[in-house]
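One structure is given below, encoded as structure tokens.
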Amino acid sequence: MQAYPVRASHRKNLATGPLEELLRTHFGAASRDGESGVASFGAIARIVASARGRELGIEVTMTPKVPEGVAAETIARYNRFLEAATGFTSKERARRLRKSAAATPEGG
């Protein structure tokens, strides 16, 4: 599972209803599985999004062999979904991940 920090202004998106609606907006059909939203699209066989405290938890199962155009559209939709849910652009998310990786001690 990957955890993404969420801007304070976007934390309302961590509720199950808004998460499910964001998944539906960006990936088409979505459903609810307990406290999580579930969807699929293109190269994503299954994406499960849920609140993890003040962070967004994402589990993704990918389909490896898809046409290049489908893969590109999947990546674009996934990035738009994460930006809408977290409030951070892909560059901001990458910068935060690098910072947290540098702050984590080796082997930890």
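Among the residues of region 22-46, those identified as farther than 19 Å from Ala71 by Cα and over 13 Å from the mean Cα position of the chain (by Cα) are Ala30, Ser31, Arg32, Asp33, Gly34, Glu35.
Residue by residue, here is whether (1) closer than 18 Å to Tyr78 by Cβ; (2) among the aliphatic types (A, V, I, L, M); (3) touching a strand residue (DSSP E or B) at 6+ places or on another chain (Cβ under 7 Å) holds:
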| site | (1), (2), (3) |
| --- | --- |
| Pro5 | yes, no, yes |
| Asn13 | yes, no, no |
| Glu21 | yes, no, no |
| Arg24 | yes, no, yes |
| Ala29 | yes, yes, yes |
| Ser36 | yes, no, yes |
| Gly42 | yes, no, no |
| Ser50 | yes, no, yes |
| Arg54 | no, no, no |
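The number of residues in region 42-53 being part of a loop (DSSP other than H, G, I, E, B) and either among the charged types (D, E, K, R) or in contact (Cβ under 8 Å) with a residue 60 or more places away in the chain (or both) comes to 0. Only residues that are closer than 18 Å to Ser90 by Cβ, aliphatic (A, V, I, L, M) and over 12 Å from the mean Cα position of the chain (by Cα) were counted in region 47-75, giving 3. Among the residues of this structure, Arg77 counts as one that is in contact with a His (Cβ under 7 Å, 6 or more places away or on another chain) and under 24 Å from Arg96 (Cα atoms). Checking every residue in region 54-70 against the condition of being part of a helix (DSSP H, G or I), within 16 Å of Gln2 (Cα to Cα) and touching a Leu at 6+ places or on another chain (Cβ under 7 Å) gives zero matches.
Every residue, every condition in (1) buried (at least 18 other Cβ atoms within 10 Å of the Cβ); (2) under 13 Å from Ala85 (Cα atoms); (3) modelled with pLDDT under 90, yes or no:
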position: Ala8; (1), (2), (3): no, yes, no
position: Lys12; (1), (2), (3): no, yes, no
position: Pro18; (1), (2), (3): no, yes, no
position: Leu22; (1), (2), (3): yes, yes, no
position: Arg32; (1), (2), (3): no, no, no
position: Ser36; (1), (2), (3): yes, no, no
position: Ala39; (1), (2), (3): yes, no, no
position: Ile47; (1), (2), (3): yes, no, no
position: Glu59; (1), (2), (3): no, no, no
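In region 51-84, the qualifying residues are those that are touching a helix residue (DSSP H, G or I) at 6+ places or on another chain (Cβ under 6 Å) and aliphatic (A, V, I, L, M), and the one that is nearest to Thr16 (Cα to Cα) is Ala51. Please enumerate the residues belonging to region 76-95 that are at negative phi and in contact (Cβ under 8 Å) with a residue 24 or more places away in the chain. Of everything in region 76-95, those that are at negative phi and in contact (Cβ under 8 Å) with a residue 24 or more places away in the chain turn out to be Arg77, Tyr78, Arg80, Phe81, Leu82, Ala84, Ala85, Thr86, Phe88, Arg93.
The values are calculated or read from the model by the stated rules, or taken from the named source; none is laboratory data. As the structure is a computational prediction, the values presented were derived from the model and not from experiment. Quick reminder, even Gly has a Cβ in these numbers, built from the backbone with ideal geometry, and neighbours come from all protein chains shown.
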